[in-house]
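A short write-up of the structure that comes next.
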Amino acid sequence: MWAAVETTARRVFARYGFAEVRTPIFEESELFARGVGESSDIVGKEMYSFVDKSERHLSLRPESTAAVVRAYVEHGMHRLPQPVKLYYIGPQFRYERPQKGRYRQFHQIGAELLGGRGAESDAEVLLMLVALLNELGFKDIKVLLNTVGDAESRGVYRQRLVQFLETRRERLGEESVRRLATNPLRILDSKSPAEQELLSEAPQLRDFLNEKSVAHFATVRQVLEQFGVAYELSPRLVRGLDYYTDTVFELVAEGLGAQNAICGGGAYEGLVEALGGPPTYAVGFAIGEDRLVDVLPADSPARAEAQVFAPGPVVVAAAGRLPVKVGEPSPLFSLVERLRRLGLPAVEATGRQEKVFERANAIASPVVVFIGQEELQSGRYSMRALESGERGEFDEFELVRELRKYFPLTRPSQRGAGTSALPADAVTEGEE
Ligand code: HAM
């Protein structure tokens, strides 16, 4: 299922012109401190950091945006025709308290558009995200949208928010008092009901946006509306990473409990420059793949795609002792390999009959094929269907045709079939 979800993502991303990038699992710790932000929880508390044999300070990547930007700058991708569109699929690491939907090693499917054109790039990335979720069969995902303004707007607002909260310190929890000094905007994200109430009286960021940020957000919304993307404005959505500017968004799904965000993202206009590149407009997102797979709809096309690898393989076993000829593969080995060359998944099983059936059940195999002394001589195989208990005797040609019924999605492997006893098309002819 994971593979099918990833294949769907690759297909949709390619349609929008994104290509895959693979960055290392660990980077210099400094990259995340500068990129994600010293005051963020991710860098402050959640990194798996270590010192290597040459005394370098390294961290398992807690996210991949900073790493992709590092690669963009380091490999001179800013000199390529812009925008550069990259996606990644892979593990990330955060030392968080594990619970349902929150793991210390989790997986993201993410995309970054670098060197873009402002609001239109934000909308493009969101349209791609929604296209992916549609293709995965999601119908009730909520898109939460907000703007955190540009650095200028946010600076002004930050001051006013701190002024407001400073005089009401006693109504803040310990964590928020700490954040007042380090990262006051993060307080807006508080889940505490008392703090939520206080914040409802606080100055609102949207009243401090400068003209440029107002226009930016209006364009994003307009494009989304034009292309039929429903969203909900979420004025207190600020996200936990420091690099965001203007548009930020999160996607939430039902059925995940407290950890209901399956995707987060936004624009980050200053990050490329902060990491040594030229001023560059950029925007991206990351989907939590663990959570996404958890809430994949029952009728998701990805489930059907995953069926290519289910049911399990045909089990081929010996009925009694088979003759062993020195220097020759056993009849079991040979039949299994011939079936595989015709595109049918097959494995060999040995041991007594009960053991063979036990194994077949364990790997969700639909059928067991037996070869005995007699079968070898007559060139016929006996087959037993596991669910119905039906039995039959077939020659190899008929056997392959019977087996295909259990694996309608398989195709003969043309290259391998050349050396098989049966021509690859002999068994598919007339079936399609
Ligand atoms: P983030 O919101 O920290 O953003 O993570 C994105 C998604 O990863 C979350 O919405 C969630 O689904 C998943 N996730 C995060 N932490 C965990 C965890 N401990 N266990 C399971 N899933 C988790 C970023 O990482 C940004 N780099 C996104 C981005 C890309 N912004 C711009 N470009």
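The values are calculated or read from the model by the stated rules, or taken from the named source; none is laboratory data. Note that the coordinates shown come from a computational prediction; the quantities given were computed from them, not determined experimentally. Note: ideal-geometry Cβ built from the backbone for every residue, glycine included; neighbour counts use all protein chains shown. Remember, those area values only see protein heavy atoms, side chains included, never the ligands or the DNA or RNA. Shrake-Rupley method; radii C 1.70, N 1.55, O 1.52, S 1.80 Å.
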Of all residues making up segment 155-197, the number that are open to solvent by less than 50 Å² (accessible area, probe 1.4 Å) and outside any loop (DSSP other than H, G, I, E, B): 17
Residue within segment 163-172 that is in contact (Cβ under 8 Å) with a residue 60 or more places away in the chain and aromatic (F, W, Y) present: no
When residues of segment 246-263 are limited to those that are open to solvent by 10 Å² or more (accessible area, probe 1.4 Å) and assigned to a strand (DSSP E or B), the one nearest to the ligand (Cβ to nearest atom): A261
Selection status of V248, aliphatic (A, V, I, L, M), in contact (Cβ under 8 Å) with a residue 40 or more places away in the chain, closer than 17 Å to S153 by Cβ and in contact with a strand residue (DSSP E or B) (Cβ under 7 Å, 6 or more places away or on another chain): yes
K100 modelled with pLDDT under 95 and either out of contact with any strand residue (DSSP E or B) (no Cβ under 7 Å at 6 or more places or on another chain) or open to solvent by less than 20 Å² (accessible area, probe 1.4 Å) (or both): yes
Sole exception among (1) farther than 26 Å from R186 by Cβ; (2) within 16 Å of the ligand (Cβ to nearest atom) for Q226, by number: (2)
Unique match (being of a type in the set (S, T, Y), at pLDDT below 95 and either surrounded by 22 or more Cβ atoms within 10 Å (Cβ to Cβ) or within 14 Å of the ligand (Cβ to nearest atom) (or both)) among Y243, Y281: Y243
Residue check, G44 over 30 Å from A310 (Cβ atoms), in contact with a strand residue (DSSP E or B) (Cβ under 9 Å, 6 or more places away or on another chain) and surrounded by fewer than 16 Cβ atoms within 10 Å (Cβ to Cβ): no
Some residue of segment 104-112 being open to solvent by less than 10 Å² (accessible area, probe 1.4 Å), more than 16 Å from the chain's Cα centre (by Cα) and modelled with pLDDT of 95 or more: no
Number of the condition not met by A364 [criteria: (1) open to solvent by 20 Å² or more (accessible area, probe 1.4 Å); (2) farther than 18 Å from F407 by Cα]: (2)
Looking only at segment 288-307, and only at residues there that are of a type in the set (A, V, I, L, M, F, W, C) and outside any helix (DSSP H, G or I), the one that is least open to solvent (accessible area, probe 1.4 Å): L296
Any hit, segment 267-276, residues being closer than 30 Å to P98 by Cβ and out of contact with any Asp or Glu (no Cβ under 7 Å at 6 or more places or on another chain): yes
Condition broken by F13, with the remaining ones in (1) more than 16 Å from the ligand (Cβ to nearest atom); (2) of a type in the set (F, W, Y); (3) touching a residue at least 12 places away in the same chain (Cβ under 8 Å) satisfied: (1)
Lone qualifier among E38, E63, E74, E30 - being open to solvent by less than 20 Å² (accessible area, probe 1.4 Å) and closer than 20 Å to E273 by Cβ: E63
1 or more residues under 19 Å from A9 (Cβ atoms) and more than 12 Å from the ligand (Cβ to nearest atom): qualifying strands (runs of 3 or more DSSP E) within segment 31-149: 84-93, 142-147
Those residues of segment 210-233 which are open to solvent by 30 Å² or more (accessible area, probe 1.4 Å), in contact (Cβ under 8 Å) with a residue 24 or more places away in the chain and part of a loop (DSSP other than H, G, I, E, B), in sequence order: N210, F227, A230, Y231
Flag for E55 being open to solvent by 10 Å² or more (accessible area, probe 1.4 Å), over 21 Å from W2 (Cα atoms) and among the acidic types (D, E): yes
Members of segment 308-324 found to be surrounded by fewer than 22 Cβ atoms within 10 Å (Cβ to Cβ) and either in contact (Cβ under 8 Å) with a residue 60 or more places away in the chain or within 11 Å of the ligand (Cβ to nearest atom) (or both), listed by number: V308, F309, P311, A319
Of all residues making up segment 284-301, the number that are of a type outside the set (A, V, I, L, M) and either more than 6 Å from the ligand (Cβ to nearest atom) or without any contact (Cβ under 8 Å) to a residue 40 or more places away in the chain (or both): 6
